[in-house]
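*Asks:* My questions all concern the structure below.
Values quoted throughout were computed directly from the atomic coordinates according to the rules given, and no laboratory measurement underlies them. Just so it is clear, the structure is predicted and the values come from calculations on it, not from any experiment.
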Amino acid sequence: MYIPWSSAHPEAVKRSFIKAELTRLMILSSKKCFYEDSKRTCFINLMRRGYPHEKLDLFASEVQYTSRVHVLLNKGSKHIHRGVPLLFPSRYNDVWKYINLNDVFDKITSYWSRHGCSVSDELKGPVIKSLRRTENLWIWQVSGTWNSWVLVAHTNVRT
């Protein structure tokens with residue numbers, strides 16, 4: 001069962017889950033015709049849930065069957081050497097479409113370095129957006145605790 005288009009999820013979430021589903025179908029399909037049949041069935045189900053055909057075509061254009069071999073060869077490799085992540089709690093906002101989190105991470109570690117904090121090689125992980133709809137003090141506490149542990153374990157920063 002797919003989330004309906006009318007749900008409160010931001011478009012980026014819907015786009016991501018459609019791309020993930022199409023990638024899964026691509027991996028499972030040994031021939032392009034099987035992939036196309038599976039994609040068609042998926043899209044029929046999504047359109048029943050209110051997804052506009054134009055959006056489905058737009059999102060689908062980002063997943064090409066021709067990249068199947070590359071995806072299969074690299075399956076699982078993205079989890080190797082990612083480093084320890086830093087959680088970045090925030091709210092859903094369209095501004096996140098325009099922010100490159102790799103740049104944010106580079107600025108953060110550059111700032112630490114300029115202020116005498118040595119940054120461990122292990123601290124090469126991504127900054128992960130933890131987006132929510134409403135204010136939730138629990139996520140600030142949990143992410144703050146995680147980030148504190150990461151900083152203490154991988155830098156000379158003491159919180």
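*Asks:* Which residues' amide hydrogens lie under 5 Å from the amide hydrogen of residue 87, considering only partners 5 or more residues apart or on another chain, with H built in the peptide plane?
*Replies:* Amide H to amide H, under 5 Å and 5 or more residues apart or across chains, residue 87 pairs with 128, 147.
*Asks:* A 31 angstrom limit on the alpha carbon distance is what I want to check against. Which of 32/129; 39/107; 14/107; 39/97; 31/97; 32/55 exceed it?
*Replies:* With Cα atoms farther than 31 Å apart: 32/129; 39/107; 31/97.
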